[in-house]
Amino acid sequence: MSEQKTVRLIIKRQDGPDSQPYWEEFDVPYRKNMNVISALMEIQRNPVNAKGQKTRPVVWESNCLEEVCGACSMVINGRPRQACTALIDKLEKPVRIEPMATFPVIRDLIVDRSRMFDALKRVKAWIPIDGTHDLGPGPRIPETERQWMYELSKCMTCGVCLEACPNVNAKSSFMGPFIFSQVQRFNMHPTGAMHKEERLDAIMGEGGLAECGNAQNCVQACPKGIPLTTSIAALNWELTKYSLKKWLRS
Amino acid sequence: MSSDRAFVYRRLHSLLGVIPVGAFLVEHLLTNYFATRGEAAYTEKVLWLNNLPFLILLEVFFIFLPILFHGVYGLYIAYQAKPNLGSFGTFRNTMFVLQRVTGVLTLIFIAWHVWETRVQVALGNVAKEELYDLMVSILSNGWMFAFYLVGVIAAVFHFANGLWSFLVSWGITVGPRAQRISTYVTMVIFVFVSYIGVAALLAFRNAAVALGS
């Protein structure tokens, strides 16, 4: 081995929430089976850019490193995805890395995904089971429905579908594609269904289902393969029925 | 109700796009198609339509106001989108962008077309019996012919693809298979209705060429 092979990373950086973003290039030593996280770790180890200048190490968020937590989502070569499963060997070089611009950038590749958690609260994405007395065992769930709910429960609020959606931006209040699969998941549950209409009211309101433009990028981009657009259309039908009921029977 | 405003407007937008605006588009193009059978056949249909009772009410409540609402709210919808075809060049995303582009094109075209035809009739500059000649003279200009061609095809695309999203927005086609089949069906509608519209344009155009020679 005469010379160390390197990988060129082009990273969009930002020093703070209100600072101007800028691009910085890095050459990191190549190892077999590297992912974007381990490439970023090389920069942390030796924070020197491609021009040989010492710089601040690039910061990012990551947790599970097996694509189940959603923390390391970023835009890699134009596509929002998790950095942990973005293998350097399979990426086009140089590798361009940006934060997901749909969210407020805190610093470098760290974004604030609070809006997703706020949306989960708005639609009451939980099943209330607490009471003053024992409510007994929950009802049984048919296996086919359990399997479908399990697919919907794979959502890790990673934010990729919001980044991919043309209708999630500063000009709209759209909560984003992910929320509808969670509404669907909790409305399908026999105990959760007791609060079905509260969730339907939430997605009928501001930033709700009406803001979907059917570009269907979400379902293409979702790393967990969640049938996001099927949930959207299914809830469209629920809202058709529910709004007629509200309109004609109240 | 107030918090549901976006929902109600969006559903109204979707509904009006099909009924009555989409239905009117098909009716209008079918009537125009009679131009392929000559001036007499065309003028007969025009006069029949113009003899409908309560015509002005039909025009205001089933054509003008629905198009106005659909167009204005549609501009707002188009403004809210931030297209990202560069990073997501998928079929549906392309259709999403085309739906917004053709919507704006159609609105411009309709405004111009209504000014040139219906408004001129209302102002008394053109008699209903002269509409055939008016269209022949408009389409004798090559640029106007191109403008009408683009306008008609944009309107028909917007209608056909709008039917697809109508079916999704009301929750009728839910799964990917149903949505794929409705894509095929609506695209066949696009091709067929475009043919009807363009055939009429060509009929006027050919009459203009015949007059010129």
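The values are calculated or read from the model by the stated rules, or taken from the named source; none is laboratory data. Since we're looking at a predicted model, the values are computed, not measured. Every residue, glycine among them, receives a Cβ derived from its backbone with ideal geometry; neighbour counts consider all protein chains shown. The accessibility values were calculated without ligands, DNA or RNA, using every heavy atom of the protein model including side chains. Shrake-Rupley method; radii C 1.70, N 1.55, O 1.52, S 1.80 Å.
Of all residues in the range A:210-237, those that are at the interface with chain B (Cβ under 7 Å from one of its Cβ atoms) and within 29 Å of A:ASP130 (Cβ to Cβ) total 1. Step by step: first the residues of the range B:179-194, then only those that are open to solvent by less than 40 Å² (accessible area, probe 1.4 Å) and closer than 17 Å to B:THR94 by Cα, then the one that is nearest to the other protein chains (Cβ to nearest Cβ). Which residue is that? Filtering first and then ranking leaves B:GLN179. Candidates are the residues of the range A:141-156 that are touching a residue at least 24 places away in the same chain (Cβ under 8 Å) and open to solvent by 20 Å² or more (accessible area, probe 1.4 Å); the one that is farthest from B:SER87 (Cα to Cα) is A:ILE141. The residue list A:LYS171, A:LYS196 contains one member that is open to solvent by 50 Å² or more (accessible area, probe 1.4 Å) and away from chain B (no Cβ under 14 Å), which is A:LYS196. Among the residues making up the range A:99-110, those that are in a loop (DSSP other than H, G, I, E, B) and out of contact with any helix residue (DSSP H, G or I) (no Cβ under 9 Å at 6 or more places or on another chain) are A:PRO99, A:ASP108. Determine, yes or no, whether B:GLY197 is buried (at least 20 other Cβ atoms within 10 Å of the Cβ), among the small types (Gly, Ala, Ser) and away from chain A (no Cβ under 14 Å). Here the answer is yes, as B:GLY197 does meet what is asked.
Just one residue in the set A:ARG113, A:ARG8, A:ARG81 is surrounded by fewer than 19 Cβ atoms within 10 Å (Cβ to Cβ), of a type in the set (Lys, Arg) and either in contact (Cβ under 8 Å) with a residue 40 or more places away in the chain or touching a helix residue (DSSP H, G or I) at 6+ places or on another chain (Cβ under 6 Å) (or both); that residue is A:ARG8. Kindly indicate whether A:PHE180 is aromatic (Phe, Trp, Tyr) and more than 10 Å from every other protein chain (Cβ to nearest Cβ). When the stated conditions are applied, A:PHE180 passes them.
Of the residues making up the range B:1-37, those that are in a loop (DSSP other than H, G, I, E, B) and either open to solvent by 20 Å² or more (accessible area, probe 1.4 Å) or modelled with pLDDT of 95 or more (or both) are B:MET1, B:SER2, B:SER3. The number of residues in the range A:85-98 that are assigned to a loop (DSSP other than H, G, I, E, B) and open to solvent by 10 Å² or more (accessible area, probe 1.4 Å) comes to 5. Of all residues in the range B:162-178, those satisfying the criterion of being open to solvent by less than 10 Å² (accessible area, probe 1.4 Å) and either more than 14 Å from chain A (Cβ to nearest Cβ) or out of contact with any Phe, Trp or Tyr (no Cβ under 6 Å at 6 or more places or on another chain) (or both) are B:TRP164, B:VAL168.
Within the range A:45-63, the residues that satisfy the criterion of being open to solvent by 60 Å² or more (accessible area, probe 1.4 Å) and under 23 Å from A:GLY159 (Cβ atoms) are A:GLU61, A:ASN63. Screening the candidates A:ALA202, A:ALA221, A:ALA233 for the property of being small (Gly, Ala, Ser), free of Cβ contacts under 8 Å to residues at least 60 places away in the same chain and in contact with a helix residue (DSSP H, G or I) (Cβ under 8 Å, 6 or more places away or on another chain) yields one hit, A:ALA233. Residues that are surrounded by 10 or more Cβ atoms within 10 Å (Cβ to Cβ), farther than 20 Å from A:MET194 by Cα and touching a Pro at 6+ places or on another chain (Cβ under 8 Å) are absent from the range A:118-136 altogether. For the range B:190-199, the count of residues that are under 17 Å from the mean Cα position of the chain (by Cα), within 30 Å of A:LEU209 (Cβ to Cβ) and outside any loop (DSSP other than H, G, I, E, B) is at least one.
The residue that is nearest to A:VAL105 (Cα to Cα), among those in the range A:11-65 that are among the acidic types (Asp, Glu) and without any contact (Cβ under 8 Å) to a residue 40 or more places away in the chain, is A:ASP18. Any idea which of A:VAL160, A:VAL68 is open to solvent by 80 Å² or more (accessible area, probe 1.4 Å), aliphatic (A, V, I, L, M) and under 23 Å from A:GLY225 (Cβ atoms)? After ruling out the rest, the residue left standing is A:VAL68.
Looking across B:GLY17, B:GLY38, one residue alone is of a type outside the set (A, V, I, L, M) and within 14 Å of another protein chain (Cβ to nearest Cβ). It is B:GLY17.
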